[in-house]
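The values are calculated or read from the model by the stated rules, or taken from the named source; none is laboratory data. The shown structure was predicted, so the numbers you read here are calculated from the model rather than taken from an experiment. Glycine also receives a Cβ, built like all others from the backbone with ideal geometry; neighbour counts cover every protein chain displayed.
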Amino acid sequence: MRAPDHYFQSGDARLRFRDEGDGEPLVLIHGWTLDLEMWDAQAAEFSRTMRVIRFDRRGHGRSGGRPGYERDERDLEALLDHLHVPRAVLVGMSQGARTALTFALRLPQRVAGLVLDGAPDFSGATSREQQLPLERYRGLARSGGLEAFRDAWCEHPLMQLHSGDRSATELLARSLGRYQGLDLLDPAAVEPPALDARALGRLPVPVLIVNGERDPDDRLTTASWLAGTLSRAERALVADAGHLPNLDNPREYAKALRKFLQHQSRAAA
């Protein structure tokens with residue numbers, strides 16, 4: 001049975017979330033143009049033994065508000081406060097990995113563990129435009145509407161599924177169909193700042209860096225950089241998967257997460 005939608009207020013935005021299961025909290029943070037429903041398989045799996053919390057970031061899914069990197073981090077804090085969760089494991093996928101990581105840098109005492117899945121370049125070596133042809137996508141959205149953008153975005157390597165699973169393909173299409181395009185069309189949108197490698201090296205939180213083995217080269221390069229920069233990092237490659245390993249190969253993805261969670265649980269005991 002599908003978990004019910006709930007909403008909370010964070011500043012000027014009303015944001016959708018779901019809260020399932022009991023146990024140690026696990027927070028799932030989606031990537032760009034997606035929403036909380038991309039985590040359906042993981043919520044079903046981990047809510048058997050944990051409390052699984054997921055939310056639509058601003059301007060995504062059924063959440064309102066003007067999107068923004070700094071707002072996402074504050075929204076995450078507001079959600080944990082709303083649910084009286086003092087500490088949680090955070091799983092951030094792609095753009096959501098920035099939210100998880102910047103939150104951990106600011107409030108490490110509230111993070112029991114950190115999973116960075118397909119993270120973008122945090123070093124500043126690669127601009128956002130180099131990672132994604134945003135100006136092209138903005139032009140398409142303005143001239144042909146969001147459908148023209150969606151058609152082009154579906155062809156990008158970051159959005160490719162390799163499993164051929166029909167249910168995953170349909171879920172991805174539904175999630176993308178709910179994307180509102182507010183950040184894409186915002187003329188005031190700015191690139192996020194690079195993160196300080198020294199601050200990353202001092203992060204006291206255990207980290208799992210996850211990629212699909214077919215993730216684009218720039219994401220695999222970022223994963224190597226993170227592994228060499230973070231002091232408590234380990235890596236996992238999900239077989240037969242691209243940039244969306246939780247959809248491509250949910251069984252192997254769950255195994256990687258569970259191994260990390262069990263290791264952290266033993267270390268904390």
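A few points about this structure:
- Failed criterion for Thr33 (all others in (1) within 22 Å of His243 (Cβ to Cβ); (2) surrounded by fewer than 19 Cβ atoms within 10 Å (Cβ to Cβ) hold): (2)
- Number of residues in the stretch 138-150 that are of a type outside the set (Gly, Ala, Ser) and over 19 Å from Asp35 (Cβ atoms): the value is 3.
- In the stretch 55-70 there is at least one residue that is touching a Gly at 6+ places or on another chain (Cβ under 9 Å), of a type outside the set (Gly, Ala, Ser) and part of a strand (DSSP E or B).
- Residue under evaluation Met1, criteria (1) of a type outside the set (Phe, Trp, Tyr); (2) assigned to a strand (DSSP E or B); (3) out of contact with any Lys or Arg (no Cβ under 6 Å at 6 or more places or on another chain), criterion not met: (2)
- Filtered by the rule that a residue be under 16 Å from Asp121 (Cα atoms), buried (at least 16 other Cβ atoms within 10 Å of the Cβ) and in contact with a strand residue (DSSP E or B) (Cβ under 6 Å, 6 or more places away or on another chain), the stretch 221-234 gives Ala223, Leu226, Leu230.
- Cβ-Cβ contacts under 8 Å between residues 6 or more apart (or on different chains), taken from a first residue in the stretch 142-166 that is free of Cβ contacts under 8 Å to residues at least 24 places away in the same chain and outside any loop (DSSP other than H, G, I, E, B) to a second residue that is of a type outside the set (Gly, Ala, Ser) and surrounded by fewer than 17 Cβ atoms within 10 Å (Cβ to Cβ), are listed as Ala152/Arg136.
- Put simply, of Leu107, Leu116, Leu132 the only residue that is at pLDDT 95 or above and either crowded, with 16+ Cβ neighbours inside 10 Å or under 26 Å from Glu213 (Cβ atoms) (or both) is Leu116.
- When Asp215, Asp196 are checked against the criterion of being crowded, with 21+ Cβ neighbours inside 10 Å and of a type in the set (Asp, Glu), Asp215 stands alone in meeting it.
- Scanning the stretch 135-149 for residues that are farther than 18 Å from Arg178 by Cβ and surrounded by fewer than 17 Cβ atoms within 10 Å (Cβ to Cβ) gives Glu135, Arg136, Gly139, Arg142, Ser143, Gly144.
- The residue that is nearest to Ser123 (Cα to Cα), counting only those in the stretch 177-198 that are outside any loop (DSSP other than H, G, I, E, B) and either among the basic types (Lys, Arg) or touching a helix residue (DSSP H, G or I) at 6+ places or on another chain (Cβ under 6 Å) (or both), is Ala197.
- Test for Gly164: is it out of contact with any Gly (no Cβ under 6 Å at 6 or more places or on another chain), at pLDDT below 90 and over 23 Å from Phe122 (Cα atoms): yes
- In the stretch 14-37, residue farthest from the chain's Cα centre (by Cα) [restricted to those that are under 11 Å from Leu79 (Cβ atoms) and of a type in the set (A, V, I, L, M, F, W, C)]: Leu15
- Taken together, the residues in the stretch 30-76 that are more than 29 Å from Pro193 (Cβ to Cβ), small (Gly, Ala, Ser) and in contact with a helix residue (DSSP H, G or I) (Cβ under 9 Å, 6 or more places away or on another chain) amount to 2.
- Here Asp81 meets each of (1) among the acidic types (Asp, Glu); (2) surrounded by 17 or more Cβ atoms within 10 Å (Cβ to Cβ); (3) at pLDDT 95 or above with one exception, condition (2).
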